[in-house]
Amino acid sequence: LCATLIWLRWDYRVLERYKYLFGISAIVLLLLPSVPGLGQRVNGVRLWVHVGPLQFQPGEVAKIFLIVFLAAYLRDKRESLAQGRLKDLGPLLAIWGAAMLVLVQTSDLGSALLNFGIFLAMVYAATGRALYVAVGLGLFFGGSALLYNALSRVQQRVTVWLHPWTDSPVYCPFNGQMDLRQNCESYQLVKSLYSIANGGYGGTGIGKGTFETVDGTQLIPLLQTDFIYSAIAQEVGLIGAAAVLLLFLVFVARGMRVAMLAQDGFSKLLAAGLTFGLALQTFIIVGGILRVVPLTGITLPFISYGGSSILANFALLALLLLVSNRAVATAGGT
């Protein structure tokens, strides 16, 4: 946060000059987990990169780079795009499409969904044309159907989402035997739902949640990352869990307010893109835990364990602060 504020303290709009560099860098960052010797596959997904003693998730930084590219490019081409000149979509679709292909190739479907949503939201914010959103949603549903038929991982996630419990044993791909789905593929999700239910209205108390068996086995695997919200819901209950979501809503409301106050197109789109990205990421992970949408393995901003996510989100916050500061100064406020 501090490094970003100091680095861009004079004028963050200098980022606009390097839009194509940011776009290409985002693709390179997304490709890094696929490089032999650098990338590591965890739970069927290539997200992490190891360089010596360091381990980081380049997709978190790539998300911000893509938003900077989109804000800069759409600021230049928004009038022609609003008039329906599709030829100006070429560079935009090239960089965005390459990023989506990389995400699908690495099986990072959660980030693919996140970046796709950011892309549609920023195009709509820049042009005001609902047609682009309608076409994008049509492509999304068509692509989802293709991925569902082509990737067993997607089929598994949808099945777990729709039918986490079974009354009779089904085939378990983890051990090759017949078992109840709640003891196999949907084990994490079901235990997470039990954890939320155990919290009730007021919760069990901070530090008093039940997350391990008597022999020390975790009841919810990866609790500190993908399922941290279920731990919060158990310890502080419905009231505390709702308060956490309200804090995110306040963040989003203030971020959109910053976008409205900004005086130039790049600042408006940058603030809107960063804010919408955080909002959509929160919805995807919390919605997955609550079975509103299929579960995807992304982090809950500012809360889930993970250095890459924390660093990226504080850089995102710093950019919003810079846009806000300029907007207030330009408007003559305090």
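Things worth noting here:
- Among the residues listed as LEU180, LEU189, LEU131, LEU147, the single one being over 18 Å from the mean Cα position of the chain (by Cα) and either open to solvent by 60 Å² or more (accessible area, probe 1.4 Å) or among the aromatic types (Phe, Trp, Tyr) (or both): LEU131
A quick yes/no check of all residues on (1) closer than 20 Å to LEU180 by Cβ; (2) open to solvent by 70 Å² or more (accessible area, probe 1.4 Å); (3) touching a residue at least 60 places away in the same chain (Cβ under 8 Å); (4) not aliphatic (A, V, I, L, M):
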{"residue": "TYR194", "(1), (2), (3), (4)": "yes, yes, no, yes"}
{"residue": "ALA197", "(1), (2), (3), (4)": "yes, yes, no, no"}
{"residue": "TYR201", "(1), (2), (3), (4)": "no, yes, no, yes"}
{"residue": "THR204", "(1), (2), (3), (4)": "no, no, no, yes"}
{"residue": "LYS208", "(1), (2), (3), (4)": "no, yes, no, yes"}
{"residue": "ILE220", "(1), (2), (3), (4)": "yes, no, no, no"}
{"residue": "GLN224", "(1), (2), (3), (4)": "no, yes, yes, yes"}
{"residue": "ALA231", "(1), (2), (3), (4)": "no, no, no, no"}
{"residue": "VAL236", "(1), (2), (3), (4)": "no, no, no, no"}
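- Where a residue in region 128-153 is among the polar types (S, T, N, Q) and its partner, wherever it lies, is open to solvent by less than 80 Å² (accessible area, probe 1.4 Å) and outside any helix (DSSP H, G or I), with Cβ under 9 Å and at least six apart: SER152/PRO173
- Pairing residues of region 310-324 that are under 27 Å from GLN224 (Cα atoms) with residues that are open to solvent by 40 Å² or more (accessible area, probe 1.4 Å) and assigned to a helix (DSSP H, G or I), at Cβ distances under 7 Å and at least 6 apart in sequence or on separate chains, gives ALA312/VAL61; ALA318/LEU5.
- In this structure, LEU113 does not satisfy being in a helix (DSSP H, G or I), at pLDDT below 75, within 19 Å of ILE67 (Cβ to Cβ) and open to solvent by 50 Å² or more (accessible area, probe 1.4 Å).
- Only one of the numbered conditions (1) out of contact with any Ser or Thr (no Cβ under 7 Å at 6 or more places or on another chain); (2) closer than 15 Å to ILE6 by Cα is violated by PRO294, and that is (2).
- Of all the listed residues (PHE248, PHE266), the sole one being open to solvent by less than 10 Å² (accessible area, probe 1.4 Å) and part of a helix (DSSP H, G or I) is PHE266.
- Residues in region 33-75 that are of a type in the set (Gly, Ala, Ser) and either modelled with pLDDT of 80 or more or assigned to a helix (DSSP H, G or I) (or both) were compared, and the one that is surrounded by the fewest Cβ atoms within 10 Å (Cβ to Cβ) is SER34.
- From the list LEU280, LEU316, the one residue that fits, being part of a helix (DSSP H, G or I) and either buried (at least 22 other Cβ atoms within 10 Å of the Cβ) or out of contact with any helix residue (DSSP H, G or I) (no Cβ under 7 Å at 6 or more places or on another chain) (or both), is LEU316.
- Test: GLY84 is at pLDDT below 85, in contact with a helix residue (DSSP H, G or I) (Cβ under 9 Å, 6 or more places away or on another chain), part of a helix (DSSP H, G or I) and open to solvent by less than 50 Å² (accessible area, probe 1.4 Å): no
- Hey, VAL102 at pLDDT below 80, part of a helix (DSSP H, G or I) and crowded, with 19+ Cβ neighbours inside 10 Å or not: yes
- The set of residues in region 220-245 that are assigned to a helix (DSSP H, G or I) and at positive phi contains only GLY237.
- Residue that is of a type in the set (Val, Ile, Thr), modelled with pLDDT under 90 and not in a helix (DSSP H, G or I), where the choices are THR330, THR299: THR299
- Only one of the numbered conditions (1) of a type in the set (Val, Ile, Thr); (2) at pLDDT 90 or above; (3) more than 21 Å from VAL286 (Cβ to Cβ) is violated by ILE196, and that is (3).
- Within region 153-163, at least one residue is at pLDDT below 85, of a type in the set (A, V, I, L, M) and within 30 Å of PHE116 (Cα to Cα).
The values are calculated or read from the model by the stated rules, or taken from the named source; none is laboratory data. Small disclaimer: the values here were computed from a predicted structure and weren't measured. Backbone-built Cβ (ideal geometry, glycine too); neighbour counts: all protein chains shown. SASA here: full protein model, heavy atoms, side chains in, ligands and nucleic acids out. Shrake-Rupley method; radii C 1.70, N 1.55, O 1.52, S 1.80 Å.
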